[in-house]
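**Student:** I have a structure I would like to understand better, so I am pasting it below and will then ask my questions one at a time.
The values are calculated or read from the model by the stated rules, or taken from the named source; none is laboratory data. The structure presented is a predicted model; accordingly, all values stated were derived computationally and were not measured. All Cβ positions, even for glycine, are placed from backbone atoms using ideal geometry, and neighbour counts span all protein chains on display. These accessible areas exclude ligands, DNA and RNA; they are computed on the full protein's heavy atoms, side chains included. Shrake-Rupley method; radii C 1.70, N 1.55, O 1.52, S 1.80 Å.
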Amino acid sequence: MKRWIAFALSAALLGSLSLPAMAEPEPEEETADVRLARVTESVKNTLDLDTDEFTDFYGDVSQQELGTTWSLRWTGDSLSLNVEALEDGTVVGYWRNDNTNSYRYSPNLPAFPKGDVEQAKAAASDFFQKVLDPATESVKLDEFPGYERLNRTSYSFYGQILLNGLPSPLSFSMEVRSSDNVVTNFYRDAPSTSFLGNIPSATPAVSRADAEKALRTTRNLELIYVTSEEDDARAVLRYVPKDEATLYVDAQTGELVEPGSGRYRTTMASGAAPEEMEMAADADNGSAKRSLNEVELSGVAKMEGVLDANALDGRVRNESAYQLGDYTLVSSQYRLVKDDGEEGVENVLCTMRYSKKDAEDPWQDSRTFTVNARTGEVRSLWGNGKWDKDRKSVVTLSRAQEIAQAFLGRFTSTAAQMPLYATNDTTAEGNYAYNFTFARKVNGYFYPSNTCVLSVDRMTGAICGVQYNYDRNISFEAPRDLVSADAAMDAWMGTFDVKLAYRYLDKSLNPAVPLESKLIDAGYTQFYSLLLSYALETEDYCPGIDAKTGEPVVFPQESGAEISYDDIAGDAAEAEIARLAAYGIGYDGGAFRPAKDLTQWDAVCLLASTSGWRLNPEKADDDMKNSVYETAYRMGALTREERNENAVLTRGDLVKLLLNSAGYGAVANLSGIFTCPYTDSAEIPAADMGYAALASGFGLASGTYAGSAAATRADAAQMLCRLMERDV
């Protein structure tokens, strides 16, 4: 797909990279070295580069789908610079490496990032002014606040490139080093290498109101039962989207159009079989035989009544609808599981894979069953088959539905409560099977969480897929006082905004156009073009409309890792608690409880949150506590022998815990070298003197040490904040 040419040009050849005065040849007559010199000079002017400090230069050229990309590399004693540019000199990539890292590694307590985001934004803005086309391109850095991560030494910016002031599918990413606000990393999509044609006019001929009317016709709601988010044993009625197509409104013609699905070749791959489970078997190593102990005998008892593979094979083959006459059992793996819905009940399942005899690809034409290893009852079936859109079906859709319906009646006693809910016929696209979904129906409404999905082979009529889920322990709310479908649709549309933007649209390729002809030769059937269009967009996730209240069920999108509290306003530690929360450090549950005495478990939870844990200390179970303590052990905060969850920590205990977690325990335990400036330094035990001295240096304590006083959660936040301001 790509053709590479590499050039290592000497300083004598390049000089200042300015060309001799002569008539410029036609582009197709330019030699590679002249092209490289021209592109390099353009890049240097664009970026205002002074390259005198470099000792070597190298240039590569790559022929991409829509054009040529040059990769320019300068190297020196302690600095390297890579720039990617198009043939016209447009800079699309920039990487600067002067042996500084953008991430400060620490195995212990992390540190806050350094720098000022506003200064970094200003540096990013200056860089964009150099590399963007001012006539059409811009970015709004105010919408990208500068993503910070603990231990980072740079600010990251990424988002959309605006075209004519409107959102577009083009994106950028950039890193600005926080110590000196130097851009170290930049990459962008360019119009000329992303889509065919020019950028359309930004002036629409269709009004936003007319676009909204057209887009409303693409929305379709159905009233069904769904599992309540508050109680997973209860189902509620909700209007939810059904068969929604994502369509745009052409802002010039008003027509509904399908979005760009991709610029690559259209190929269909056969579905992958589920991962086969393996059960380890003990190998006979020739050692003397020993009697089994009680634990081993208990494990053996769990396999009581389990059938061997041959017996299970016979039971599976008893169902003629699977049509396994031409298939051979090639593997079987047993595993012990806990059955859902049966508390504490363990069962043995067997995964059995069948391959068609004499198949060219044994995996492509296979059947994988999961069965109860004691009864042979089929739990699920996954089938693989070859996709072929040119193959003619032998079995009709209606006949396949009859086969599926008859099989359902034999497969489950719940068949009478599960009428046909949906038919998925993708055989025209090459699928080897029809798919039918039968769903539970209660009070006249479907409950699609309880379904049986059956696949029927379009050539043989065999049942080649079975996925079944039916929970008998669900209660259903009564269908009374429901809002109308029209009211639900109004509420549903109210969750969206109609946005005018540039979006990708698939364009069929024309062999009469040279560039498009090349794409066809490369195997493409279509490629992106750009369309000014309206579409429905939303920031929050809304799965539907509550059928009782008519209100949207909305789940706001998480805005990063930030935690919020309702009980810190006015507290002396408010600023520190809020600063930690902005990085996801703190307690889940909406309350910090600053005045609460700090237990060891509270402190461990706070420390572990610096490593990504986020939990409510009052609601953690034993398994969770063990996992969180393991994090504290790895950080060096305390040892397993020191674990005492409910112990209330003193301020001295808290200092030790924090400094140990930051890796300063060894230094703090040096004896005879520390002095402390505290008014109560005479009361500090000799063993704690090193910790107290370091606490003063890091600003964890001042004036009075008060090491024996009980610590609070507010103390923990303030000390942790001071320690995370250190350099690492």
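**Student:** Taking ALA647 and the conditions (1) in contact with a strand residue (DSSP E or B) (Cβ under 7 Å, 6 or more places away or on another chain); (2) closer than 18 Å to ALA687 by Cα, which numbered condition does it fall short on, given that it satisfies the others?
**Tutor:** (2)
**Student:** Another question about this same structure. Can we say SER708 is out of contact with any His (no Cβ under 9 Å at 6 or more places or on another chain), among the hydroxyl-bearing types (Ser, Thr, Tyr), more than 24 Å from ALA578 (Cβ to Cβ) and in contact (Cβ under 8 Å) with a residue 40 or more places away in the chain?
**Tutor:** yes
**Student:** Which ones in region 230-245 are surrounded by fewer than 16 Cβ atoms within 10 Å (Cβ to Cβ) and touching a residue at least 60 places away in the same chain (Cβ under 8 Å)?
**Tutor:** ALA233, ARG234, PRO241
**Student:** Pick from region 307-324 the residues that are small (Gly, Ala, Ser) and open to solvent by less than 80 Å² (accessible area, probe 1.4 Å): which of them is modelled with the lowest pLDDT?
**Tutor:** Selected residue: ALA309.
**Student:** Take the conditions open to solvent by 40 Å² or more (accessible area, probe 1.4 Å) and modelled with pLDDT under 95 and apply them to ARG38. Does it pass?
**Tutor:** yes
**Student:** Shifting gears a bit: Which ones in region 48-64 are of a type outside the set (D, E, K, R), more than 10 Å from TRP74 (Cβ to Cβ) and open to solvent by 40 Å² or more (accessible area, probe 1.4 Å)?
**Tutor:** Selection gives GLN63, GLN64.
**Student:** What are the residues in region 548-567 that are surrounded by 15 or more Cβ atoms within 10 Å (Cβ to Cβ), within 25 Å of the chain's Cα centre (by Cα) and either at pLDDT 95 or above or over 17 Å from ARG614 (Cα atoms) (or both), if any?
**Tutor:** The answer is VAL553, and nothing else.
**Student:** Among the residues in region 298-306, are any open to solvent by 40 Å² or more (accessible area, probe 1.4 Å), at pLDDT 90 or above and not in a loop (DSSP other than H, G, I, E, B)?
**Tutor:** No, the conditions are met nowhere in region 298-306.
**Student:** Here's a check for you: in region 422-436, which residue that is open to solvent by less than 50 Å² (accessible area, probe 1.4 Å) and without any contact (Cβ under 8 Å) to a residue 40 or more places away in the chain is farthest from ASN469 (Cα to Cα)?
**Tutor:** This residue is THR427.
**Student:** For region 525-541, name all the residues that are more than 24 Å from the chain's Cα centre (by Cα), surrounded by fewer than 20 Cβ atoms within 10 Å (Cβ to Cβ) and modelled with pLDDT under 90.
**Tutor:** Listed by number, the list holds a single entry, THR525.
**Student:** Please return the ranges of strands (runs of 3 or more DSSP E) entirely within region 59-140 where 1 or more residues are of a type in the set (D, E, K, R), in contact with a helix residue (DSSP H, G or I) (Cβ under 8 Å, 6 or more places away or on another chain) and on the phi > 0 side of the Ramachandran plot.
**Tutor:** none
This table checks each residue for (1) at pLDDT 95 or above; (2) assigned to a strand (DSSP E or B); (3) closer than 30 Å to PHE112 by Cα.
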site: SER156; (1), (2), (3): no, yes, yes
site: SER168; (1), (2), (3): yes, no, no
site: SER179; (1), (2), (3): no, no, yes
site: LEU215; (1), (2), (3): no, no, no
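**Student:** Output the residues belonging to region 629-651 that are at pLDDT 95 or above and under 24 Å from ARG579 (Cβ atoms).
**Tutor:** LEU649, ARG651
**Student:** Any chance you could count how many residues in region 689-705 are farther than 22 Å from LEU580 by Cβ and assigned to a helix (DSSP H, G or I)?
**Tutor:** Of the residues in region 689-705, 4 are farther than 22 Å from LEU580 by Cβ and assigned to a helix (DSSP H, G or I).
**Student:** Somewhere in region 561-569, is a residue assigned to a strand (DSSP E or B) and touching an Asp or Glu at 6+ places or on another chain (Cβ under 9 Å)?
**Tutor:** Pass one, region 561-569, residues assigned to a strand (DSSP E or B): none.
Scanning region 561-569 turns up no residue that is assigned to a strand (DSSP E or B) and touching an Asp or Glu at 6+ places or on another chain (Cβ under 9 Å).
**Student:** Within the set of pairs 6 or more residues apart or between chains, which connect a residue that is under 18 Å from ASP653 (Cβ atoms) and in contact (Cβ under 8 Å) with a residue 24 or more places away in the chain inside region 675-693 to a residue that is open to solvent by 20 Å² or more (accessible area, probe 1.4 Å) and basic (Lys, Arg) with Cβ atoms less than 9 Å apart?
**Tutor:** If the second residue must be open to solvent by 20 Å² or more (accessible area, probe 1.4 Å) and basic (Lys, Arg), the pairs left are ASP688/LYS656; TYR691/LYS656.
**Student:** Hey, among ASP571, ASP540, ASP506, ASP567, which residue is touching a residue at least 40 places away in the same chain (Cβ under 8 Å), closer than 30 Å to ALA714 by Cα and not β-branched (Val, Ile, Thr)?
**Tutor:** Unique residue meeting the criteria: ASP571.
**Student:** Turning to a different aspect of this structure: Taking the residues in region 460-474 that are open to solvent by less than 60 Å² (accessible area, probe 1.4 Å) and touching a Lys or Arg at 6+ places or on another chain (Cβ under 8 Å) as candidates, determine which candidate is farthest from ASN431 (Cα to Cα).
**Tutor:** If we take residues in region 460-474 being open to solvent by less than 60 Å² (accessible area, probe 1.4 Å) and touching a Lys or Arg at 6+ places or on another chain (Cβ under 8 Å), then ILE474 is farthest from ASN431 (Cα to Cα).
**Student:** What's the number of the only condition in (1) free of Cβ contacts under 8 Å to residues at least 40 places away in the same chain; (2) out of contact with any helix residue (DSSP H, G or I) (no Cβ under 7 Å at 6 or more places or on another chain) that VAL442 fails to meet?
**Tutor:** Tallying (1) free of Cβ contacts under 8 Å to residues at least 40 places away in the same chain; (2) out of contact with any helix residue (DSSP H, G or I) (no Cβ under 7 Å at 6 or more places or on another chain), VAL442 fails exactly one: (1).
**Student:** Out of all the residues in region 246-258, which are crowded, with 16+ Cβ neighbours inside 10 Å and either out of contact with any Phe, Trp or Tyr (no Cβ under 9 Å at 6 or more places or on another chain) or not in a strand (DSSP E or B) (or both)?
**Tutor:** Listed by number, the residues that qualify are LEU247, ALA251, GLY254.
**Student:** Restricting attention to region 501-524, which residues are open to solvent by 80 Å² or more (accessible area, probe 1.4 Å) and among the small types (Gly, Ala, Ser)?
**Tutor:** SER508, ALA512
**Student:** Among the numbered criteria (1) within 30 Å of ALA662 (Cβ to Cβ); (2) touching a residue at least 40 places away in the same chain (Cβ under 8 Å); (3) not polar (S, T, N, Q), which single criterion is violated by PHE186?
**Tutor:** (1)
**Student:** Tell me which residues, restricted to region 715-728, are of a type outside the set (Val, Ile, Thr) and open to solvent by 10 Å² or more (accessible area, probe 1.4 Å).
**Tutor:** Once the filter is applied, which keeps residues that are of a type outside the set (Val, Ile, Thr) and open to solvent by 10 Å² or more (accessible area, probe 1.4 Å), region 715-728 yields ASP715, GLN718, ARG722, GLU725, ARG726, ASP727.
**Student:** Further, regarding this structure: So, CYS721, is that one more than 28 Å from ARG149 (Cα to Cα) and not small (Gly, Ala, Ser) or not? Reasoning before the result, please.
**Tutor:** On the way: more than 28 Å from ARG149 (Cα to Cα): no; not small (Gly, Ala, Ser): yes.
No.
**Student:** Given the conditions (1) free of Cβ contacts under 8 Å to residues at least 60 places away in the same chain; (2) in a strand (DSSP E or B); (3) open to solvent by less than 20 Å² (accessible area, probe 1.4 Å), and given that ALA404 satisfies all but one, which numbered condition is not satisfied?
**Tutor:** It fails just one condition, (2).
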